[in-house]
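Derivation of every value follows stated rules applied to the coordinates shown; laboratory data play no part. All values derive from a computational prediction rather than experimental measurement. Backbone-built Cβ (ideal geometry, glycine too); neighbour counts: all protein chains shown.
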Amino acid sequence: MRKITLSIVTCLVFVFANAQSTRFGVKGGLNISNFTGYQEDVKSLAGFHIGGFAEIKISKKFAIQPEFLFSTQGTTIEGYDGDSNTNVKLNYLNIPVLAKYYISDAFFVEAGPQIGFLLSAKSSGVDIGDLYKSTDYGLNLGLGYNFTENISGNVRYTIGLTDINDVSDDSQYPDLYNASFKNSNFALSLAYKF
C-alpha cells in the first residue's frame with residue numbers, strides 16, 4: 001500500500017512540475033451501482049458522489065485529473081433469505097487518477113485507475129463492514145463535455161478489478177463464503193472549475 005501511495009505521489013509531483021496550468025474544482029452527481037459476479041439475483045442501487053478534483057493540463061489536448069470523491073455504492077439483493085429486497089449500502093472514499101484527452105475544445109475522453117477505501121457498509125441499518133474488504137481497486141472509462149469554461153458534465157463507468165468479499169467464516173454466512181464479486185458503478189456528474 002505504501003509503495004502504491006508513494007508511486008502516485010511521485011507521479012503527481014512530476015506532473016505538477018511539468019504542468020502548463022492547473023485548475024481546481026468540485027463535482028457531484030448520480031451513481032447507479034451493482035455487484036458483478038454475485039451468486040444471488042441483484043439489481044442496481046441508486047446513490048451519489050461528491051468531491052473535488054484538480055485538472056492538470058500537460059498540453060492543449062492532454063491533462064491528468066486526480067479526484068477525491070465520497071461515493072455511495074452497493075446493490076439490491078432480491079428476496080434475500082426469503083425477505084423482500086435488501087439494500088446493501090457501501091460508502092467509499094474513491095481516489096481516481098484520470099488521463100484526459102481533449103478531442104476538441106469541448107469534448108474529452110478519460111481513463112485511469114482508482115483506489116477506494118471503504119468508510120462504512122450497512123444493510124437494513126445493520127453494520128456489515130466486516131463482510132467487505134477495506135480497499136477496492138477499479139478502472140474508470142468515461143467521456144465528457146465542457147459546456148462553458150467553468151461548467152462540464154461527464155459520464156463514467158468504473159469496472160471493479162478486485163474481489164470485495166471478505167467473509168472468512170462459513171458458519172455465519174455460508175452463501176458468501178468463497179464467493180467472489182466486484183463493484184460496478186455508472187456515474188453521471190456535473191463539475192465546476194474555479
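Cross-link pairs exceeding 29 Å in C-alpha to C-alpha distance, out of 27/182; 60/89; 100/122; 27/89; 61/193, comprise 60/89; 100/122.
Less than 14 Å Cβ to Cβ from residue 33, Lys/Arg counted +1 and Asp/Glu -1: what total charge do the surrounding residues give? Once all neighbours under 14 Å are counted, the net charge is +3.
For segment 62-71, the Karplus equation 6.51 cos²θ - 1.76 cosθ + 1.60, evaluated at θ = phi - 60°, returns couplings of 10, 9, 10, 10, x, 9, 10, 10, 7, 9 Hz by residue, with Gly and Pro reported as x. Under the combined filter of DSSP loop state and at most 16 neighbouring Cβ atoms within 10 Å, segment 106-160 retains these trypsin sites (Lys or Arg not before Pro): 133.
Taking 0.36 nm per residue of separation and subtracting the current Cα-Cα distance, fully stretching the chain between residue 145 and residue 166 would add 3.7 nm. The share of alpha-carbon pairs in segment 50-194 lying farther apart than 28 Å comes to 30%. Taken along the Cα-to-beta-carbon direction at a fixed 7 Å, the label points for residue 194 and residue 68 span 1.3 nm.
Here residue 103 and residue 180 are evaluated by their C-beta separation; at R0 = 45 Å the FRET efficiency comes out at 0.75.
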